[in-house]
1. For Phe155, work out the one condition from (1) in contact with a Gly (Cβ under 7 Å, 6 or more places away or on another chain); (2) surrounded by 21 or more Cβ atoms within 10 Å (Cβ to Cβ); (3) of a type in the set (A, V, I, L, M, F, W, C); (4) modelled with pLDDT of 95 or more it doesn't fulfil.
2. Specify which of the listed residues (Gly169, Gly135, Gly193) is farther than 15 Å from Gly250 by Cα and open to solvent by 30 Å² or more (accessible area, probe 1.4 Å).
3. One residue is enough: does the stretch 117-138 have a residue meeting the conditions more than 22 Å from Asp244 (Cα to Cα) and more than 45 Å from the chain's Cα centre (by Cα)?
4. Given the criteria of a type outside the set (D, E, K, R), at pLDDT below 95 and either open to solvent by 30 Å² or more (accessible area, probe 1.4 Å) or within 37 Å of the chain's Cα centre (by Cα) (or both), does Gly206 qualify?
5. Determine whether Thr228 is farther than 30 Å from Ile104 by Cα, open to solvent by less than 30 Å² (accessible area, probe 1.4 Å), outside any strand (DSSP E or B) and of a type in the set (Val, Ile, Thr).
6. Please go through the stretch 147-166 and give me each residue that is touching a Leu at 6+ places or on another chain (Cβ under 9 Å) and farther than 18 Å from Asp249 by Cβ, ordered by number.
7. Based on what the data block shows, is Glu239 assigned to a strand (DSSP E or B), crowded, with 17+ Cβ neighbours inside 10 Å and free of Cβ contacts under 8 Å to residues at least 40 places away in the same chain?
8. Quick check on my filter: what residues within the stretch 104-126 are surrounded by fewer than 13 Cβ atoms within 10 Å (Cβ to Cβ) and either at pLDDT below 75 or not charged (D, E, K, R) (or both)?
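The values are calculated or read from the model by the stated rules, or taken from the named source; none is laboratory data. On a predicted model such as this, the values are computed, not experimentally measured, just so you know. With ideal geometry, Cβ positions are generated from the backbone for all residues, glycine too; neighbour counts draw on all protein chains shown. To get the accessible areas, we keep the full protein, side chains included, count just its heavy atoms, and leave off ligands, DNA and RNA. Shrake-Rupley method; radii C 1.70, N 1.55, O 1.52, S 1.80 Å.
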Amino acid sequence: MTTSPASRGRRAAARPARRRRPSPPPAKRLLATLGMTFAGGMMLATSLPALAVTATSTEPTASVYAPVVDVLAPKAQELEVGGDVVAAQVAVDEFTAVAAPPPIASSVAGLGTVEIQRTDAIVWPVTNPGRISDGFGPRSAPCAGCSTFHKGVDFIPGEGTPVMSIADGVVVTATENGGGLGVNVEVQHNIDGELLTSSYSHMQFGSLQVSVGDRVTAGQQLGNIGSTGQSTGPHLHLEMYGPDEARFDGMAWLSARLG
């Protein structure tokens, strides 16, 4: 169907003309722009970790994980003393230097003069001094040729038991041919400034641990319990004497110092 020009003109006249919406004022546009910028910033700040925001920053920033260090500034202490306080005098003990006691000079056969240092350390000659078969003093002779006055004390801890020096000293005799004493060692000591000699007899052949001139210490082994010389069984015959060579009761002397 063909439409006439007159009809087209009437339709055009009947359609209302479009109106253009007026543009908002500049102030409103600025406020809208600022609002959108603020909203976008808030979304970014709340949705990303703080480190992600500062990761590209060229300025040095403190790590959020760094420990907090407290720096304490010490304050000097002050003490106020009143003017009426008097300083106390502190007594100082006086000390006097005491020289060590001089050694004892002893003449030893084959060695000449030997200096023996003073000692206070004393020990038993055997580990079990409680077992004794014969004490010091008068007795019935236990064998032919044995004396009726025992000049020492006989310890019987058992054959082979070590025999020890009773104190520091110098060996003046060490022999396997001690006659009736058998294998014999004698040691000189300086005990409390006094020259004393201890004699150890009837030890085993081949058990000597020292030689003449050796310096020994308290408890040092000299030999082993045996039954050499004039002996009725394995034991240690211990004699003790001073410069006058008069024998005295070694058991009583040791007990008084060792208990």
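1. Unmet for Phe155, out of (1) in contact with a Gly (Cβ under 7 Å, 6 or more places away or on another chain); (2) surrounded by 21 or more Cβ atoms within 10 Å (Cβ to Cβ); (3) of a type in the set (A, V, I, L, M, F, W, C); (4) modelled with pLDDT of 95 or more: (1).
2. So the residue among Gly169, Gly135, Gly193 that is farther than 15 Å from Gly250 by Cα and open to solvent by 30 Å² or more (accessible area, probe 1.4 Å) is Gly193.
3. yes
4. no
5. Numbers: farther than 30 Å from Ile104 by Cα: yes; open to solvent by less than 30 Å² (accessible area, probe 1.4 Å): yes; outside any strand (DSSP E or B): yes; of a type in the set (Val, Ile, Thr): yes.
In short, yes.
6. Residues satisfying the conditions are Pro157, Thr161, Pro162, Val163, Met164, Ser165.
7. So Glu239 fails the test.
8. Ala105, Ser107, Ala109, Gly110, Gly112, Thr113, Ala121
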